[in-house]
Each structure stands twice: as structure tokens, then as C-alpha cells.
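Report on the structure given below.
The values are calculated or read from the model by the stated rules, or taken from the named source; none is laboratory data. Since we're looking at a predicted model, the values are computed, not measured. Positions of Cβ are generated from backbone atoms using ideal geometry, with glycine treated the same way; all protein chains shown enter the neighbour counts. Note: accessible area is taken over every heavy atom of the protein model, side chains too, but ligands, DNA and RNA are not part of it. Shrake-Rupley method; radii C 1.70, N 1.55, O 1.52, S 1.80 Å.
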Amino acid sequence: VVSAPLAGVIDQLLVAENDAVRAGQPLARLASPELGELQLKLMEAASQNRLAARTLQRERQLFAEGIIPQRRVQEAEAAAAQNQARQHQSEAALRLAGLDNATIRRVADGGTVDSVVILRARSSGMVTQLAVKPGQRVQPADALVRIADASRLWLDVQVPVTWQGTVRGLPVTVIERESTAAGQSLGATVSDSQTLTLRAEVTRGAQLLRPGEFVQVRLP
């Protein structure tokens, strides 16, 4: 599930349902005013960090020349550490918002501020659902895109409650498909129709099936 890292408006959808996507591929553009605020905080933190580093360098030089006491150097070291921690915190916030390291470094160096973040796929798979439309407002953690790894599929087979037997490795054949599966486990809960759920992992022909599809199978 790819969710919204910030509140904003969906500017553009870059994929459609049933599209095959790879890891890192752009999925959508999210326009968010919060993104600009986070980048501004990073620019301020980076500026303060650079100033604190220069101050520390100067204080160490003055101490080495015997002009100032060591206490001044210790105070400069503490200030430099605090400002560095603030910059790291600001960078982490932008990383969680979806910005890559190159963009974060550019902002920290005083580059341009973006108002749009590109949401990317974390893994390869197939787009099974688009939960938003262009122009729609979203809140943080709202689900936007669902991606399924269709290379590994399972069958949930309804079998009679009176059915007994060893299910581990049980061969399951999908009728009218060149797909087979191997039984893995048998559910413990009985449904209203007095059936149990046999879970079987597809071992051959997964590309011929789709998540959520109803099929008929043959059991020995």
C-alpha cells in the first residue's frame, strides 16, 4: 500500500489499474504546502549548522593560540552538535515525505524548493487499485495505490467441513488453466456454508491467474 506522506492534493496519476510497475517507478504527484515548510526548515537548519561549524573552528583556533578559555570551545562544540542534530531531523522528515537524497542535499545547500513530491513504488508488482483521482485532497496515511506481487499467489479453496486428510503438499489443479498449486494449511474456522478454507500456494502458471479471481479447482 502506497499512502500519502503529507496532506495535499493529487496533482497527477502516472499509472493505471492493472499496470505492471517496478520498484522505484513514479506512481503519482502530490502537491502539498507542508512540503515547502519542511524544506524551509531544512534550509534554516543547514544554514545554522554551517554557521556553528565555522564558529567551532574559529574557537578552536583561538584556544590553540591561548586567547580564549577551553569553556568557549566546549560551548561551541555543544552548539555545533545541536545544530547538526536539527539538520539530520529535518532531512529525516523530508525523507519520510518521499524526497530522495539528491533533492535533500540540494535543498540543504540552498537550492530551489519544490511543492510537489513524486510518490514511487516500493516494490515491483501489479497495480490492483487506485483509491484516488486527480484533484482529490488527501490526508497523511490515506491509502492511494495498492500494488500486488502477482508472481506469488495463493488459492483459498472452500472444502467441506467433513473433509479430512494431510494437506501439506496436496496437489491442487485449476480447471481450464495450466496452473497448479500445493496445499499448505487448513483453516480452523467453519463458515456459514459449513466449509473450511484450504490455503494452497500456486507453484505453476501464476501468470494465468489474477488476485481476487474466482476459479474452480480439482482435488485428489
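Structure data summary
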| read-out | value |
| --- | --- |
| Residue list for the stretch 76-105, filter: farther than 15 Å from residue 48 by Cα and crowded, with 16+ Cβ neighbours inside 10 Å | 93, 94, 97, 98, 99, 103, 104 |
| Out of 177, 152, sole residue that is in contact (Cβ under 8 Å) with a residue 40 or more places away in the chain, open to solvent by 60 Å² or more (accessible area, probe 1.4 Å) and either in a loop (DSSP other than H, G, I, E, B) or not polar (S, T, N, Q) (or both) | 152 |
| Near pairs, Cβ below 6 angstrom, 6+ apart or cross-chain, from the stretch 28-41 (farther than 21 Å from residue 144 by Cβ) to any residue that is of a type in the set (Val, Ile, Thr) and outside any helix (DSSP H, G or I) | 39/113 |
| Single residue of 65, 37, 17 found to be over 19 Å from residue 138 (Cβ atoms) and not aliphatic (A, V, I, L, M) | 65 |
| The stretch 1-22: number of residues that are open to solvent by less than 60 Å² (accessible area, probe 1.4 Å) and part of a strand (DSSP E or B) | 7 |
| First in the stretch 43-63 and open to solvent by 50 Å² or more (accessible area, probe 1.4 Å) and of a type in the set (Gly, Ala, Ser), second anywhere and at pLDDT 95 or above and in a helix (DSSP H, G or I), Cβ under 9 Å, 6 or more apart | 53/80; 53/83; 53/84 |
| Answer from 113, 157 - the residue that is over 30 Å from residue 191 (Cα atoms) and either surrounded by 12 or more Cβ atoms within 10 Å (Cβ to Cβ) or without any contact (Cβ under 8 Å) to a residue 24 or more places away in the chain (or both) | 113 |
| Strands (runs of 3 or more DSSP E) fully within the stretch 26-145 counting 3 or more residues that are modelled with pLDDT of 95 or more | 26-31 |
| Tally of residues being in contact with a Leu (Cβ under 8 Å, 6 or more places away or on another chain) and either of a type in the set (S, T, N, Q) or surrounded by 12 or more Cβ atoms within 10 Å (Cβ to Cβ) (or both) across the stretch 128-139 | 4 |
| Residues (in a loop (DSSP other than H, G, I, E, B) and either open to solvent by 40 Å² or more (accessible area, probe 1.4 Å) or among the charged types (D, E, K, R) (or both)) located in the stretch 160-174 | 161, 162, 163, 164, 165, 166, 168, 169 |
| Hits in the stretch 142-172 - residues which are within 31 Å of the chain's Cα centre (by Cα) and of a type outside the set (A, V, I, L, M) | 142, 146, 149, 151, 152, 154, 156 |
| Residue match in the stretch 187-201 (condition: more than 23 Å from residue 126 (Cα to Cα), open to solvent by 60 Å² or more (accessible area, probe 1.4 Å), without any contact (Cβ under 8 Å) to a residue 40 or more places away in the chain and of a type in the set (A, V, I, L, M, F, W, C)) | yes |
| Residues that are open to solvent by less than 50 Å² (accessible area, probe 1.4 Å) and on the phi < 0 side of the Ramachandran plot, drawn from the stretch 202-220 | 202, 206, 209, 217 |
